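Here's the structure we're looking at; comments come further down.
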Amino acid sequence: MKIHTIIFLLVATMHLQAQNQISGASFLDRTEFKIGYYGNIAWDNGLTIGTEYVWKEYINIKERKRGQKIITHQFLFNGNLGYSTNFSTQTDNGLSTYYGLIWRRTNPKGKQYNVELNPLGYYRSFLPETYEVKGDRVSKVSLPGRGYYAPSIAVGIGKLRKGKKRSGWYLNLQLTLRTNYNAGTLPVLSLHYGHRFNFKRKR
């Protein structure tokens with residue numbers, strides 16, 4: 001009984017230490033930057049950049065015969081900005097941005113699973129050269145196109161490279177809903193693949 005109590009207290013102490021590590025970390029230590037491809041490969045392709053900020057981190061330590069198994073759960077604030085186009089026709093140009101929350105699970109081998117919810121999203125389309133007729137006059141439209149509220153959800157996998165500046169890669173499948181699209185909602189599926197980077201201070 002005493003041994004079990006000691007083990008429990010030891011695990012609880014390590015868990016608290018892990019929480020204290022993240023709560024005492026600086027802003028830069030908590031932040032990672034990412035860059036990657038996004039689109040549907042067939043006709044809509046682009047580049048996205050973004051940041052992730054660790055809000056909460058929980059570490060579960062399980063005792064196994066082969067040693068400890070450490071599972072990390074994180075909640076991260078997420079922000080992205082991207083631009084995509086159809087390179088063959090130079091149409092379907094759009095600027096997108098979204099913000100939300102990521103839940104991520106990392107196993108002892110660095111394999112990651114994540115779910116992403118982005119309630120704050122915006123998509124701005126840019127049309128080719130467009131003209132409008134007003135009375136007897138024809139004039140060129142400045143920045144033709146329109147904006148849409150575009151929330152999204154995503155699921156994906158990745159790999160952590162611990163202690164590296166290029167700290168990992170990710171592959172997500174994202175569903176975006178462009179609202180008020182021709183009086184309806186347009187669902188858009190896209191792939192996101194890229195790498196994360198950090199500039200943490202060396203200790």
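The label-point distance for Tyr122 and Lys134, in a model that sets each label 7 Å from Cα toward Cβ, rounds to 2.5 nm.
Alpha-carbon geometry of region 2-197: the Rg and the Dmax are 22.2, 93 Å, given in that order.
Scoring 176-185, 61-70 by mean Cβ neighbours within 10 Å over their residues and listing the highest first yields 176-185, 61-70.
For a straight C-alpha distance cut-off of 19 angstrom, the aspartates and glutamates reachable from Lys162 (same-chain residues fewer than eight places away being disregarded) are Asp29, Glu32, Glu52, Glu57. Hey, with R₀ at 30 Å, roughly what FRET efficiency would Asn86 and Tyr149 work out to, going by the Cβ-Cβ distance, to 0.05? For Asn86 and Tyr149, the calculated efficiency is 0.85. As a length-normalised measure over Cα pairs under 8 Å and 6 or more apart, the relative contact order of region 2-197 settles at 16 percent.
Here the spin labels are modelled as points 7 Å beyond Cα on the Cα-Cβ line, and at Arg66 and Phe199 they lie 3.9 nm apart.
With a simple spin-label model that places each label point 7 Å from the Cα along the Cα-to-Cβ direction, the separation between Trp43 and Asp29 comes to 5.0 nm.
Taken together, the values in this text are just the output of simple stated rules run on the coordinates, not laboratory data. Predicted, not measured: the structure shown is a model, and the values here were computed from it. Glycine gets a Cβ as well: all are built from the backbone with ideal geometry, and neighbour counts include every protein chain shown.
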